[in-house]
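Scroll down for the structure; my scribbles are underneath it.
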Amino acid sequence: MSVRVRFAPSPTGFLHVGGARTALFNYLFARRQGGVFVLRIEDTDAARSTEESAGAILDSMRWLGLAWDEGPQVGGKHGPYFQSERKAIYARHAAALSAAGRAYPCFCTAAELEERRAAQLARGEPPRYDGRCRGLSDAERAARAAEGRPAALRFARREDGELSWNDGVHGVTTFQNDVLDDFVLLRADGLPTYNYACVVDDHEMAITHVIRGDDHVSNTPRQLLLYRAFGWSRPDFAHVPMILGADGQKLSKRHGTTSVGAFADQGFLSEALANFLALLGWSPGDNQELFTIAELEKLFGLERCGSSPAVFNVEKLEWMNAQHLKRLSSEERARRVRDYLGAHGHKVDAHDEAWWRALVNAIGDRLHTLADSEFYGAFALRDELETDPQAWAELTEKPDVGPRLSALAARLEADAEYSLASLEQGTRGLAVELGIKAGELMSAARVALTGRKVAPGLFDVMSLLGRDRAVARLRDAAARWQQAQASRV
């Protein structure tokens with residue numbers, strides 16, 4: 001049997017990391033088994049589904065490196081791959097269920113259903129459909145239809161006892177059939193419900209394994225009843241653990257960034273995010289933590305998926321991202337930084353590849369995400385220097401800073417070589433001539449050149465700025481210091 005799995009997101013927003021983890025597990029399972037990874041868009045919620053969200057989901061999938069074998073923009077013999085384009089398929093199978101006596105029209109209005117639900121809750125009963133339209137005669141149904149009353153289509157549950165399946169993560173899982181009511185298959189507008197469309201599509205697309213979050217465990221009994229009613233073979237089910245925030249609650253927007261696109265925008269590498277998500281609920285069985293997608297494709301298996309919820313630890317993701325950045329060659333690391341900064345509005349064409357490598361090397365181990373290159377490299381990327389008010393206030397309190405910065409500007413202007421070695425020699429030599437510690441001069445120069453007390457090495461800063469900009473900033477800082485002293489008099 002050839003393995004076929006699917007990821008079926010709803011385009012009602014961006015790709016959440018929980019959905020991305022599900023997509024990743026399906027992708028890795030397919031690759032390990034030599035199977036097929038199908039992408040299906042469940043867009044039957046017309047009020048909330050948008051083309052923008054669908055496009056964002058596809059972009060996030062590609063960015064993560066999760067190429068689908070069948071689906072939107074790829075095609076395949078089991079399409080269409082948008083549920084909104086599969087209405088005729090759902091209607092055909094619904095007619096077959098009705099003909100077999102396994103489905104019936106329900107004319108109850110939303111107001112009537114809500115009234116009965118409230119009464120059940122008031123009596124301390126679990127809310128469920130009471131089945132009153134199931135007993136209507138053909139004549140009664142025809143009369144209601146003639147009145148123009150809209151009708152949903154409900155499943156006629158017959159089974160008693162219990163339903164069991166051997167879950168790929170949780171093992172044998174059992175539900176009692178009597179807790180299930182006659183659930184809706186098609187709404188009055190003809191659109192399918194989740195459970196019905198899911199079963200029809202998985203059957204039509206020959207899905208062999210359904211790997212999804214364990215918030216779907218409660219959907220599985222209804223789907224198993226449908227498989228039985230249709231007489232179809234059911235796929236194997238595996239429900240992977242939920243992802244929680246640090247507070248133990250289900251991961252949501254209140255925990256901060258949760259969408260794949262937002263993590264990309266914050267400078268995380270796709271390799272690092274995929275690596276991190278793979279370890280949320282799955283273990284390689286040893287102490288190794290850093291993996292490429294190619295390595296994960298060879299290792300992943302449901303047998304090492306745990307059943308306990310996984311916690312999304314942003315600090316661990318940042319550490320992992322830093323490790324993946326270090327794994328890149330200096331050329332590739334510089335390219336990623338350059339592309340990231342270019343996408344975030346910085347002019348990147350003014351410098352050559354050697355300059356970008358020098359910037360990244362100067363930032364060094366401070367580069368945990370690509371966004372750190374913007375923070376630590378801002379001094380060299382912007383024409384206008386942004387100065388930390390506290391750092392500048394502390395600088396103006398120190399005596400003789402202005403004359404020292406002016407002297408350093410003159411030293412740099414006269415440096416014919418202007419190399420890292422000559423810049424260090426000239427700066428330290430000036431400190432000796434001034435009779436001060438080199439650190440005093442260098443700390444003042446760092447604030448004058450970068451606007452911050454924390455920055456890459458001073459001589460790297462001077463080199464990256466170039467002679468003209470470095471000299472201009474030192475003299476500007478000296479003048480501002482002088483003005484600050486005059487204002488105190």
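The values are calculated or read from the model by the stated rules, or taken from the named source; none is laboratory data. All values derive from a computational prediction rather than experimental measurement. Glycine gets a Cβ as well: all are built from the backbone with ideal geometry, and neighbour counts include every protein chain shown.
Only residues that are of a type outside the set (D, E), in contact with a helix residue (DSSP H, G or I) (Cβ under 8 Å, 6 or more places away or on another chain) and exposed (fewer than 13 other Cβ atoms within 10 Å of the Cβ) were counted in the range 331-346, giving 0.
Taking A94, is it in a helix (DSSP H, G or I), assigned by TED's automatic domain parsing to the domain that holds E204 and not hydroxyl-bearing (S, T, Y)? Considered against the rule, which asks whether it is in a helix (DSSP H, G or I), assigned by TED's automatic domain parsing to the domain that holds E204 and not hydroxyl-bearing (S, T, Y), A94 comes out as yes. Condition first: under 27 Å from R187 (Cβ atoms) and either at pLDDT 95 or above or in contact with a helix residue (DSSP H, G or I) (Cβ under 8 Å, 6 or more places away or on another chain) (or both). Now tell me which residues in the range 37-51 satisfy that. Result: V38, L39, R40, I41, E42, D43, T44, A46, S49. Scanning the range 57-91 for residues that are farther than 17 Å from H203 by Cβ, in a helix (DSSP H, G or I) and of a type in the set (A, V, I, L, M) gives I57, L58, M61, L64.
Here the condition is being farther than 30 Å from N287 by Cβ, in a helix (DSSP H, G or I) and touching a helix residue (DSSP H, G or I) at 6+ places or on another chain (Cβ under 6 Å); of R222, R254, R228, R234, it holds for R222 alone. Does the range 109-121 contain any residue that is closer than 27 Å to F230 by Cβ, assigned by TED's automatic domain parsing to the domain that holds G190, free of Cβ contacts under 8 Å to residues at least 24 places away in the same chain and assigned to a helix (DSSP H, G or I)? Within the range 109-121 (the criterion being closer than 27 Å to F230 by Cβ, assigned by TED's automatic domain parsing to the domain that holds G190, free of Cβ contacts under 8 Å to residues at least 24 places away in the same chain and assigned to a helix (DSSP H, G or I)), the answer is yes, since at least one residue qualifies.
All conditions in (1) part of a helix (DSSP H, G or I); (2) out of contact with any Pro (no Cβ under 9 Å at 6 or more places or on another chain); (3) loosely packed, with under 13 Cβ neighbours inside 10 Å; (4) not aromatic (F, W, Y) hold for G101, with the sole exception of (1). Looking only at residues of the range 149-180 that are at pLDDT 95 or above, exposed (fewer than 11 other Cβ atoms within 10 Å of the Cβ) and out of contact with any Phe, Trp or Tyr (no Cβ under 8 Å at 6 or more places or on another chain), we find that the one that is nearest to Q120 (Cα to Cα) is T174. Among the residues of the range 1-17, the one identified as surrounded by 23 or more Cβ atoms within 10 Å (Cβ to Cβ) and of a type in the set (G, A, S) is A8. Tell me yes or no: at least one residue of the range 218-240 is without any contact (Cβ under 8 Å) to a residue 60 or more places away in the chain, of a type in the set (V, I, T) and outside the structural domain of T369 (by TED's automatic domain parsing). Yes; the residues of the range 218-240 include at least one that is without any contact (Cβ under 8 Å) to a residue 60 or more places away in the chain, of a type in the set (V, I, T) and outside the structural domain of T369 (by TED's automatic domain parsing). Take the residues in the range 1-28 that are of a type in the set (V, I, T) and under 24 Å from K253 (Cα atoms), then tell me which one is nearest to the chain's Cα centre (by Cα). Filtering first and then ranking leaves V17. Filter the range 35-61 down to the residues that are within 16 Å of I211 (Cα to Cα) and without any contact (Cβ under 8 Å) to a residue 40 or more places away in the chain, then identify the one that is nearest to the chain's Cα centre (by Cα). Among residues in the range 35-61 that are within 16 Å of I211 (Cα to Cα) and without any contact (Cβ under 8 Å) to a residue 40 or more places away in the chain, the one nearest to the chain's Cα centre (by Cα) is F37. Listed by position, the helices (runs of 4 or more DSSP H) enclosed by the range 383-489 include none that has at least 3 residues that are in contact with a strand residue (DSSP E or B) (Cβ under 7 Å, 6 or more places away or on another chain) and more than 25 Å from I363 (Cβ to Cβ). Of the residues making up the range 275-294, just one is within 15 Å of W319 (Cβ to Cβ) and charged (D, E, K, R), namely E289. Of everything listed in (1) within 27 Å of A278 (Cα to Cα); (2) over 27 Å from the mean Cα position of the chain (by Cα); (3) not hydrophobic (A, V, I, L, M, F, W, C), the single unmet condition for H209 is (2). Pairs meeting the criteria (first residue in the range 334-351 and under 11 Å from A371 (Cα atoms) and in the same structural domain as D265 (by TED's automatic domain parsing), second residue modelled with pLDDT of 95 or more and not in a helix (DSSP H, G or I), beta carbons under 6 Å, at least 6 apart or on different chains) are lacking. L317 meets each of the listed conditions (1) over 14 Å from T22 (Cα atoms); (2) touching a residue at least 40 places away in the same chain (Cβ under 8 Å); (3) surrounded by fewer than 15 Cβ atoms within 10 Å (Cβ to Cβ) apart from (3).
Looking at the structure I just gave you, is D372 touching a residue at least 40 places away in the same chain (Cβ under 8 Å), of a type in the set (D, E), buried (at least 17 other Cβ atoms within 10 Å of the Cβ) and outside the structural domain of R480 (by TED's automatic domain parsing)? For D372, the condition - touching a residue at least 40 places away in the same chain (Cβ under 8 Å), of a type in the set (D, E), buried (at least 17 other Cβ atoms within 10 Å of the Cβ) and outside the structural domain of R480 (by TED's automatic domain parsing) - is met.
Among the residues of the range 18-71, the one identified as closer than 26 Å to N195 by Cβ, among the basic types (K, R) and surrounded by fewer than 21 Cβ atoms within 10 Å (Cβ to Cβ) is R48. For the range 133-144, a residue qualifies if it is surrounded by 13 or more Cβ atoms within 10 Å (Cβ to Cβ) and either in a helix (DSSP H, G or I) or among the aromatic types (F, W, Y) (or both), and the qualifying residues are C133, R134, R141, A143, R144.
Residue-by-condition table, conditions (1) in contact (Cβ under 8 Å) with a residue 40 or more places away in the chain; (2) exposed (fewer than 15 other Cβ atoms within 10 Å of the Cβ); (3) under 48 Å from the mean Cα position of the chain (by Cα):
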| residue | (1), (2), (3) |
| --- | --- |
| L405 | yes, no, yes |
| A409 | yes, no, yes |
| S419 | yes, yes, yes |
| V432 | no, yes, no |
| S443 | no, no, yes |
| L449 | yes, no, yes |
| M462 | yes, no, yes |
